[in-house]
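The values are calculated or read from the model by the stated rules, or taken from the named source; none is laboratory data. Quick caveat, the model's predicted, so the values are computed rather than measured. When we count neighbours, we look across all protein chains shown, and the Cβ atoms used for this are built from the backbone with ideal geometry, even at glycine. To get the accessible areas, we keep the full protein, side chains included, count just its heavy atoms, and leave off ligands, DNA and RNA. Shrake-Rupley method; radii C 1.70, N 1.55, O 1.52, S 1.80 Å.
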Amino acid sequence: MTSGKGGVGKTTTSASLACGLAKAGKKTAVIDFDVGLRNLDLIMGCERRVVYDFVNVVHGEASIKQALIKDKRFENLYVLAASQTRDKDALTTEGVEKVLKDLADDGFDFIVCDSPAGIEKGAFLAMYFADRAVVVVNPEVSSVRDSDRILGLLASKTKRAENGERVKEHLLLTRYSPERVEKGDMLSIADVEEILGLKVIGVIPESPEVLQSSNSGVPVILDDASNAGMAYVDAVARILGEDKPLRFVTVEKKGFFSKMFGG
């Protein structure tokens, strides 16, 4: 999970997609690469259970089994928290590679790497070993422009690129508002797809439930009544190869009675 700009919803997306993959029966680990800040464990609701973190494992101070936190909702979902006290240089390429290999050897189907924003070391290491990348973008010019830079790095600075291969790239739009698109205040899905040359794998509507879910430690995908939650469910299905139409991307037209009575 990567983006050029901060605050676009990467950690929210990492948590929701990891839960969705686990719910679909996939053994899933989600790793927080944002050394020094650490938010993933809060959104996953396991912050009080962090004893060892990603940096401890990289430096051989704990085993991967000691550091993985088993999610209480899904048997096959595990969280590896970032360190809050170390700096960003605490991660090493060799250490990260070993952690990812150990998880793969342990039978994990998906390892979700929650990258910090931008292009510093944690972000580089999160994308370096990736097979697939979900680029999280807000439909605004600055976010799209920064994501274009990230796509350039995915094509040139990853292990796959070094081997003459490509990371499979997906685009995920967050905080999408059809009303604002219609007014011309926000880029449309077609605009973003055209600028970045990628198709969307999910469009998450602007929704107050996202913040509420983050604050309560329950990823929004688990909120069955939320449009954002349902949009994340659809995105997981598409990642797993299903063909799903996009929802919540057009302005709802008001009927005669709601116009009359202000509904």
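Annotations
- The range 63-215: radius of gyration over Cα atoms, expressed as a fraction of 2.2 N^0.38 Å: 1.17
- Relative contact order computed over the range 10-240 (Cα-Cα under 8 Å; 6+ residues apart), in percent: 22
- Crossing angle, helix 141-156 versus the chain [Cα axis fit, 0-90 degrees, rounded to tens]: 40
- With all projection directions averaged, the alpha carbon convex hull of the range 32-137 covers 6.6 nm².
- Each DSSP beta bridge with both residues in the chain is either parallel or antiparallel, and the antiparallel ones are about 10%.
- Spatial separation of Cα centroids for the range 209-236 and the range 55-128, in angstrom: 24
- Reduced Cα scattering model of the chain, Debye log10 I(q)/I(0), q = 0.10, 0.12 Å⁻¹: -0.49, -0.69
- The Cβ shell under 12 Å around PRO208 holds other residues with a net charge of -2, Lys and Arg each +1, Asp and Glu each -1.
- Computed with a 1.4 Å probe over protein heavy atoms only, the accessible surface of the range 147-198 comes to 55 Å² per residue.
- Among ALA18, ILE195, HIS170 the positive-end extreme of the charge dipole of the range 10-240 (Cβ point charges): ALA18
- Taking a point 7 Å from the Cα of SER63 along the Cα-to-Cβ direction, the residues of the range 97-119 with backbone N closer than 15 Å to it are 99, 102-103, 105-107.
- Ranking ALA161, THR93, PHE110 by Cα position along the charge dipole of the chain, where only Lys, Arg, Asp and Glu carry charges on their C-beta atoms, puts PHE110 farthest toward the positive end.
- What you get for the chain, charging only the Cβ of Lys and Arg (+1) and of Asp and Glu (-1), is a dipole of about 280 debye around the Cα centre.
- Each of MET186, VAL136, LEU240 was placed along the dipole of the range 10-240 (beta-carbon charges, centred on the mean Cα), and the one lying farthest toward the positive end is LEU240.
- In the range 43-187, the portion of solvent-accessible area held by carbon and sulfur atoms comes to 46 percent [1.4 Å probe, whole percent, DNA, RNA and ligands not counted].
- Once the Cα gyration tensor of the range 176-258 is diagonalised, semi-axes √(5λ) in Å: 21, 20, 13
- Interatomic Cα distance distribution for the range 57-119, bins of 5 angstrom, percent: 3, 14, 26, 29, 17, 9, 2
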